[in-house]
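**Student:** One structure is given below, represented as structure tokens, and several questions about it will come after.
The values are calculated or read from the model by the stated rules, or taken from the named source; none is laboratory data. All values reported here derive from a predicted model rather than from experimental measurement. So basically every Cβ, Gly included, is an ideal-geometry build from the backbone, and we count neighbours across all protein chains shown.
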Amino acid sequence: MDKFSLHHLQCFDAVVTEGSFQAAAAKLHRTHPSVFAAVKHLEAQLGLRLFERSGYRVSLTDAGRSLHAKTRLLLGEVAALRGHAAQLAAGEESELRVVIGDLSPLPETLGLLRRFFATCPSTRLHLHFEAIAGPWERLFDGDADVIIHHIDKTDPRFEFVDLGSVSVIPVTAPGFLDFPITDAITPEQMRSYAQCVIRDTARHSPPRSYYLIEGAHSWTVSDQLMKKEIILQGMGWGHMPHFLLERELRDGNLLDLSGRHFRRARVELVAARQRSAPQGPVAQRLWRHIEEQAPALRAALAA
């Protein structure tokens with residue numbers, strides 16, 4: 001006797017989901033006898049009774065219920081495989097790689113990506129978080145399709161969409177400094193205090209650092225949230241994006257050190273890609289989506 005096939009499992013699933021052989025036949029555009037025969041064949045091959053047929057509507061036996069749970073998983077995988085094959089045949093990418101930089105506001109950035117990838121269920125998003133020069137290196141090494149970070153806008157290798165700017169300010173916890181906070185604090189005064197900095201995640205480019213006072217002792221951390229906690233604990237001071245500090249500054253748990261010698265900086269965030277890199281249809285649609293969403297993101301960052 002022949003082994004059961006995908007067709008037999010599809011008929012079995014349709015009977016379960018539709019509640020009857022007749023309804024299953026209509027859903028599958030097949031005859032009632034053919035669906036009934038497919039389920040009988042499946043039962044015979046498995047040596048199991050899958051349905052109770054004594055009532056008006058068929059119902060699953062315990063064995064049928066257990067098998068149906070596995071069948072649904074298998075049919076889901078088959079549908080995904082077919083979709084993936086169709087996407088490949090159409091020339092669409094099966095995955096896209098996006099790198100988010102350390103100064104990017106995550107709720108807005110991830111929301112932008114979520115809205116796009118919800119419309120592309122067959123394209124897998126590979127999302128990475130990098131700091132300092134890490135996003136640029138990923139892009140030029142061919143390990144990223146799009147980065148959301150700050151760039152050198154004069155570099156002709158970049159094509160970019162402006163997403164707004166982020167204010168970066170120097171902060172400390174109350175009591176960390178042994179002198180009053182004024183707008184005249186100098187780098188020389190701060191040299192004896194530990195400074196918290198973000199580690200550059202670039203793998204082979206020369207490491208970079210920003211706002212670092214030469215000769216000062218420093219703590220090096222991997223992300224902004226760890227840096228914030230270090231500063232809140234009174235273990236160091238450092239520069240951080242203002243959007244991560246609004247509540248702490250308002251409540252007095254962090255103090256702003258900006259003044260004549262430590263000025264606030266504005267960092268322009270962009271979505272960037274390599275100008276010369278080939279772009280598939282999904283990547284092109286993502287780029288158009290970013291261009292369409294950019295005004296709303298700029299407004300949110302300006303608020």
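**Student:** Yes or no: ARG288 at pLDDT 95 or above, assigned to a helix (DSSP H, G or I), assigned by TED's automatic domain parsing to the domain that holds ALA173 and out of contact with any Ser or Thr (no Cβ under 6 Å at 6 or more places or on another chain)?
**Tutor:** Values: at pLDDT 95 or above: yes; assigned to a helix (DSSP H, G or I): yes; assigned by TED's automatic domain parsing to the domain that holds ALA173: no; out of contact with any Ser or Thr (no Cβ under 6 Å at 6 or more places or on another chain): yes.
No; evaluated as a whole, the condition is false for this residue.
**Student:** Report, ordered by the first and then the second residue, all pairs with beta carbons closer than 6 Å, sequence separation of six or more or different chains, a first member in segment 119-142 that is loosely packed, with under 13 Cβ neighbours inside 10 Å and assigned to a strand (DSSP E or B), and a second member that is of a type in the set (D, E, K, R) and at pLDDT 90 or above.
**Tutor:** From residues that are loosely packed, with under 13 Cβ neighbours inside 10 Å and assigned to a strand (DSSP E or B), the pairs are HIS126/GLU95; HIS126/ARG97.
**Student:** If you scan segment 27-42, which residues turn out to be surrounded by fewer than 19 Cβ atoms within 10 Å (Cβ to Cβ) and either closer than 18 Å to ARG72 by Cβ or under 41 Å from the mean Cα position of the chain (by Cα) (or both)?
**Tutor:** LYS27, LEU28, HIS29
**Student:** Another one. Of the numbered conditions (1) among the aromatic types (Phe, Trp, Tyr); (2) in contact (Cβ under 8 Å) with a residue 40 or more places away in the chain; (3) within 28 Å of HIS128 (Cα to Cα), TRP219 fails exactly one; give the number of that condition.
**Tutor:** Of the numbered conditions (1) among the aromatic types (Phe, Trp, Tyr); (2) in contact (Cβ under 8 Å) with a residue 40 or more places away in the chain; (3) within 28 Å of HIS128 (Cα to Cα), the odd one out for TRP219 is (2).
**Student:** Being at pLDDT 90 or above, among the polar types (S, T, N, Q) and surrounded by 19 or more Cβ atoms within 10 Å (Cβ to Cβ), is that true of even one residue in segment 97-106? Talk me through it step by step, then tell me what you get.
**Tutor:** Residues of segment 97-106 that are at pLDDT 90 or above, as a first pass: 97-106.
Filter again for among the polar types (S, T, N, Q), leaving 104.
Still in the running and surrounded by 19 or more Cβ atoms within 10 Å (Cβ to Cβ): 104.
Within segment 97-106 (the criterion being at pLDDT 90 or above, among the polar types (S, T, N, Q) and surrounded by 19 or more Cβ atoms within 10 Å (Cβ to Cβ)), the answer is yes, since at least one residue qualifies.
**Student:** Right, something else. If a residue must be loosely packed, with under 14 Cβ neighbours inside 10 Å and over 15 Å from GLN22 (Cβ atoms), how many such residues does segment 49-58 contain? Before you say what the answer is, go through the steps one by one.
**Tutor:** Keep residues of segment 49-58 that are loosely packed, with under 14 Cβ neighbours inside 10 Å, which gives 49, 52-57.
If we keep only those that are over 15 Å from GLN22 (Cβ atoms) too, we end up with 49, 52, 54.
The qualifying residues number 3.
**Student:** State all residues of segment 236-266 that are loosely packed, with under 13 Cβ neighbours inside 10 Å, assigned to a loop (DSSP other than H, G, I, E, B) and in contact (Cβ under 8 Å) with a residue 60 or more places away in the chain; if no residue qualifies, say none. If you could, list the steps in order and put the result at the bottom.
**Tutor:** Just the residues of segment 236-266 that are loosely packed, with under 13 Cβ neighbours inside 10 Å, to begin with: 246-247, 250-252, 260, 263, 266.
Narrowing further to those that are assigned to a loop (DSSP other than H, G, I, E, B): 252, 260, 263.
If the condition is that a residue be loosely packed, with under 13 Cβ neighbours inside 10 Å, assigned to a loop (DSSP other than H, G, I, E, B) and in contact (Cβ under 8 Å) with a residue 60 or more places away in the chain, then GLY252, ARG260 are the ones that fit.
**Student:** Checking THR220 against (1) modelled with pLDDT under 95; (2) within 17 Å of LEU177 (Cα to Cα); (3) not in a loop (DSSP other than H, G, I, E, B), which single condition isn't satisfied?
**Tutor:** Going through (1) modelled with pLDDT under 95; (2) within 17 Å of LEU177 (Cα to Cα); (3) not in a loop (DSSP other than H, G, I, E, B) one by one, THR220 breaks only (2).
**Student:** May I ask you to verify whether GLN233 is assigned by TED's automatic domain parsing to the domain that holds PRO135, in contact (Cβ under 8 Å) with a residue 60 or more places away in the chain and not acidic (Asp, Glu)?
**Tutor:** Working: assigned by TED's automatic domain parsing to the domain that holds PRO135: no; in contact (Cβ under 8 Å) with a residue 60 or more places away in the chain: yes; not acidic (Asp, Glu): yes.
Answer is no for this residue.
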